[in-house]
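Input: a single structure, listed below in structure tokens.
Derivation of every value follows stated rules applied to the coordinates shown; laboratory data play no part. What you see is a predicted model, and the numbers here were worked out from it, not measured in a lab. Note that we place each Cβ from the backbone using ideal geometry, even for glycine, and neighbour counts take in every protein chain shown.
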Amino acid sequence: MSACFAMSAAHGAFYVFYSIHLDAHGYSKTAVGLLWSLGVVAEIGVFVVMPQLSRRYGLRAILLACFAAAVLRFLVMGWGVEWPWMMVFAQLLHGLTFGAYHASAIAAVNQWFPGKSQGRGQALYSSLSFGAGGLLGALISGKTWDWLGSGWTFSIGALFALAGFVLIFCWMHEGLAVNTGKPEKTPDPVQ
């Protein structure tokens, strides 16, 4: 859940300032709209292939790839805005940083909160990540945009994504359960 919080915080500047960032660097309204649309298309494309990805790779590996992609994406957004092809690349990464990430995070939450507790788990996930994490990311980007500039503000987003990567790398194993140092309990098949 901490990594999910970090991923949403990483997206703070993107959701608040991305259009403004592009406009300030001479992108037309049409180009801005097309870039947003490209991100949505990339996300949908990943949702389509997610079952195959999940069968081939574990959730931990997918989440690590998503967080690594987010680090790269926000650095590219912040420092590569003068090159339209880099903005296209950054928006294609939305397929990983939102599509694959969200699908994998929901799958992980469903593993941690089995059966009738899945609704509570998903509510906790939504409130901690999109709610609290998104709020913190938006607040920080609002404070740093004029003070530090767009490059550094998006870099702070990349640092949040890096923190999420480290959390997953250090505290989750391939089975995706939290690594407490204790053996996992096998779920009761009757539940």
Item to check | residue 172 long-range amide H proximity, modeled H, under 5 Å | outcome: 179
Checklist entry - Which distance in nm do the two modelled labels at residue 23 and residue 82 give, with both placed 7 Å along the Cα-to-Cβ direction? => result 2.3
Checklist entry - So how far, in whole Å, is the C-alpha centre of the stretch 16-86 from the one of the stretch 89-137? => result 17
Checklist entry - If you wrap a convex hull around the C-alpha atoms of the stretch 1-102 and split its volume per residue, what is the figure in Å³? => result 85
Checklist entry - Mind checking which helices in the chain clear 15 Å along their axis (Cα) and have mean Kyte-Doolittle hydropathy of 1.0 or more, DSSP H runs only? => result 59-79, 150-171
Checklist entry - What is the magnitude of the charge dipole of the stretch 39-154 about its Cα centre, with +1 placed on the Cβ of each Lys and Arg, -1 on the Cβ of each Asp and Glu, and no other charges, expressed in debye to the nearest 20? => result 520
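If eta is 0.890 mPa s and T is 25 °C, what Stokes-Einstein diffusion coefficient results for the chain, Kirkwood Rh from Cα pairs, in µm²/s?
Details: Rh = 17.2 Å.
After rounding, the answer is 143 µm²/s.
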Checklist entry - Between 162, 33, 19, whose Cα lies farthest towards the positive end of the dipole of the chain when Lys and Arg beta carbons carry +1 and Asp and Glu beta carbons carry -1, centred on the Cα centre? => result 162
Item to check | Residue exposure sequence - 156, 44, 106, 62 - by fewest surrounding Cβ within 10 Å | outcome: 44, 106, 156, 62
